1. Once you have the alpha carbon radius of gyration of the stretch B:37-97, what is it after dividing by 2.2 N^0.38 Å, with N set to its residue count?
2. At a probe radius of 1.4 Å, what is the per-residue accessible area of B:M290, in Å² to the nearest 10?
3. Using Cα pairs closer than 8 Å and at least 6 residues apart in sequence, work out the relative contact order for the stretch B:194-318, in percent.
4. With the contact rule set at Cα under 8 Å and sequence spacing of 6 or more, what percent relative contact order holds for chain A?
5. Quick one: which residues, 5 or more positions from A:T283 or on another chain, have an amide H under 5 Å from its amide H? H modelled 1.01 Å from N in the peptide plane, none for Pro or chain starts.
6. On a 1.4 Å probe surface of the protein chains, which of A:Y446, A:Y475 comes out largest in accessible area, and what is the full order?
7. Taking a point 7 Å out from Cα toward Cβ as the label site, list the nm distances between A:K318 and the same residue in every other copy, smallest first.
8. Tell me, what ³J(HN,Hα) does each residue in the stretch A:279-286 have, in order and in whole Hz, if you take phi through Karplus 6.51 cos²θ - 1.76 cosθ + 1.60 with θ = phi - 60° and put x for Gly and Pro?
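The values are calculated or read from the model by the stated rules, or taken from the named source; none is laboratory data. Keep in mind the model is a prediction, meaning the values are calculated, not measured. Quick reminder, even Gly has a Cβ in these numbers, built from the backbone with ideal geometry, and neighbours come from all protein chains shown. Just so you know, the surface numbers come from the protein's heavy atoms only, side chains and all, with ligands and any DNA or RNA stripped out. Shrake-Rupley method; radii C 1.70, N 1.55, O 1.52, S 1.80 Å.
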2 protein chains.
Amino acid sequence: MLSKTLVFLGLGLASATSCVATAHAAAPAMPAEARATLSEAIAADHDQALSRLREWIALPSINAEKLNRQEGAELMQRMLLDAGFDTARIIPTDGAPGVFGRLDAGAPTTLAVYFMYDVKQFEAHEWSQPPLEGRLVERDGKTVMIGRGAINQKGPEATLLTAIRAFKTTGTPLPVNIVLVAEGEEETGSENFGQITGDPEVAKALADAVGVILPVAWQGNDGGVEIYLGAKGVAEVQLVADGAKSGRGPGMEIHSSLGASVENPAWRLVKALDTLVADDGYTPAIDGWMDDVRPLSDEQIALIESGIRPGAEAAAKKELKVQGWIAGEDYRSSLVRLASQPTVTIQGLVGGYTGPGGKTSIPSRAEAKLDFRLVPDMQADEVVSKLRAHLDKRGFTDIQIVTGGIYGPTETSRDAAIVRALEKALAGADVPHTLTPRLAGSWPGYRFTDPPVSLPAVFVGIGQGGQAHAPDEWYLIDAEDPKLAGIDRQALFFAEFLYALANTKP
Amino acid sequence: MLSKTLVFLGLGLASATSCVATAHAAAPAMPAEARATLSEAIAADHDQALSRLREWIALPSINAEKLNRQEGAELMQRMLLDAGFDTARIIPTDGAPGVFGRLDAGAPTTLAVYFMYDVKQFEAHEWSQPPLEGRLVERDGKTVMIGRGAINQKGPEATLLTAIRAFKTTGTPLPVNIVLVAEGEEETGSENFGQITGDPEVAKALADAVGVILPVAWQGNDGGVEIYLGAKGVAEVQLVADGAKSGRGPGMEIHSSLGASVENPAWRLVKALDTLVADDGYTPAIDGWMDDVRPLSDEQIALIESGIRPGAEAAAKKELKVQGWIAGEDYRSSLVRLASQPTVTIQGLVGGYTGPGGKTSIPSRAEAKLDFRLVPDMQADEVVSKLRAHLDKRGFTDIQIVTGGIYGPTETSRDAAIVRALEKALAGADVPHTLTPRLAGSWPGYRFTDPPVSLPAVFVGIGQGGQAHAPDEWYLIDAEDPKLAGIDRQALFFAEFLYALANTKP
């Protein structure tokens, strides 16, 4: 769910030419001695870090296929203990198990960390390298590791563990305590993640944390980083018109000459779909859908505007192969809409004959695969009931709603300690950054940001990767360009962030 | 195109319990001696007739795959000559060749016959018997031949040739002259059929004919036959929203989080489709679509009403697995609508992700496969221009129209000699029949019924078959039930029809 937002990042960063750092903190809070010690340990650990990541990539946990769920959780557990966690406990759920790790440094500040150990499906024949071997490839002045999960999310997660391990191996005290929650169902909608965060020990530990982070490696080619102060929620839903189940349409494919006598489920579906968005093809028109949509504040809009860099629009158009934006808007307006507007998206249409040419038939069943992106203060648990009521009111009681993963949006204050610490750490590392009010993509962070946990949440990291969910997924290991962080620098940055957080007032 | 109308026949006949014969002619015009002679010859030829049909089935001409086009035409040519035609000439076209056969009996009356030598595609693994071997299978008191083309249309056509052969082998003078036009593109929309009927010799020969027949074997299980006084036309069209080609949508599949910024071709398609029919989901709403629709006459409606037999509605509902008819109408109204209303049918929808669950993506392309059924006096050559104008007027200039086979409706007077002759022949054979104003299915008969040829056209035959276009296509060879005609009786019936026609005033 999260990973594909890399495409979205392309809008703002992929070929941006400059970056505005909005915070210029003092020198980093990391003692010089610790920096030298940790840096040396991380460098010495470089080859082992690659081996550990390769071992992880070699064990793909794919929840959609119920593949390696227990094995993936057990490896996650071993990796945490190996990196220096005091405890790591497997938490069974109704689906893939979770893992909960604690590392008590006796520090006054506790940081929560979110991990996913699952990965997306893959088709090996579409890859130029074996997807489970983590081979290194040189290209464009970069050494990258190719493998499923490389960037989404094993690479950045493994590198955070490398940083934590360096504290252990050098006997350097960690500046913060860490509680880590890992799940194995992120790619299928985190259906049972609430059972993990709802575990009494986990819930109590999260209550003590100042915030939660997800390790990422999302530097643009200019080296810049965006800090997202939230993310849209998402609901995956299929609408189905089934002539057999509804009793209205034909119970099997029939000859199209009967179109004047027998109802066509494909027309039922089209007529129902048509009511979900306005005639413009993008404004949601589901009854009550916009009731709880909170407009962006002036400050949020200003953040978006300040993040637009020269060349970004042209680069985005080229990447997406579009000539313009929805409603013919300028780039600024389109980015505001991207952050602010809930969406009703058709991902796919499938019904009846789908081969070449035609078949003079009426289908018995037609399906639309939809997703809805949700913004504050829309409620995830109202999505299906509002949709059902909307359809029923218009007579579409025969249209079935089949639900997939559904979760709400997140929002984090820019004043949160983890955000300020991240800004300080980035400034200290000479990494330019911008603040962005909302990621248009989604992740199950609401389990942290919503009550009862109510933590701020932010993505933390430097480095790069790409092709998440796609063939040849990659993660940056080393780069000639000093603006792009290889894994050693990425690991050291995580350490810098932990120091910055320890030195930031909650 | 035509073949699937067997499903439609199910509406009226499949399990009907009685049949009303609307004409009770005197004894058949066939001399008793000729009947005895021909009957004996046909019976003696029975096994050879099966062999000839098997040989034909073993050579499938499939125009969509450009398979056996020349070979199929050459076999057709040999079969005509072998059956007794004086001449049979292959007529090249831009597609599959046609075949034109003449049999001059020196009779005052000339009958035109339409043949198709092509068949629909097949998937051998879906069949219980090899689709090209013409094996005989016993079931439900029937001996049937299984094979692609068995009922659609090689079986009935071969049986007509068996009848003609019997005249030759017995030295019995044919009561009418025959001109036969065969094409190999019926299943793909008869794109080049006009090049065959437009051949000067063919055109001249057709001008001398009193009408054209297509051999069929469409008896219901009660033995009854429907005489169709016309057929709807058809236009196969695909509507395509392609983000790359239009430049509006994404040029490739992109992440669905971008739904608020980048136009979704699937929504363009749905919004365009929605305008094509009224909110009821079946009334055509394309600008000017209904302008030339001629309502059924009172006589035509009366014909439909008189053709409704007890049990037919229940049988049709069971066969189609529906609980009711469009608009909640009664069966009579639905049959009137079936005959009278042009249709706008979605055959298939395909776009974006079509696998299990969802994929959080926006497609680059979406397509709807449509067909339109046309009634008199709609003009086939106006279909695309009206559709284009309708879409353009509403701003859907980006929606592409891809056309397949398109041809207009046919209509034949119940007073035509071939219709009266058929009624006489059926009455003489004790086969009950009803007259039906219009088949909801389509065949390229407009090439005969439209100017300059302007011939009446009718489907002629008794016997049975099923599963046209589907696996295990079958054709009735013999039946225990005397109401159902095996191939020998079918062949004799063709002879009876020829005599009846010779004795019917034009």
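1. Numbers: Rg = 14.1 Å, N = 61, 2.2 N^0.38 = 10.5 Å.
In units of the globular-protein estimate, the stretch B:37-97 measures up at 1.34.
2. Roughly 80 Å² of B:M290 is accessible to a 1.4 Å probe.
3. Values: 44 pairs, mean separation 12.3, N = 125.
This gives 10 percent for the stretch B:194-318.
4. Values: 1126 pairs, mean separation 139.4, N = 506.
The value is 28 percent.
5. Sorted by chain and number, the residues that satisfy this are A:A278.
6. On the way: A:Y446 40, A:Y475 0 Å².
The residues order as A:Y446, A:Y475, largest area first.
7. Label-point separations across copies, in nm and ascending: 6.8.
8. 4, 5, x, 9, 7, x, 10, 6
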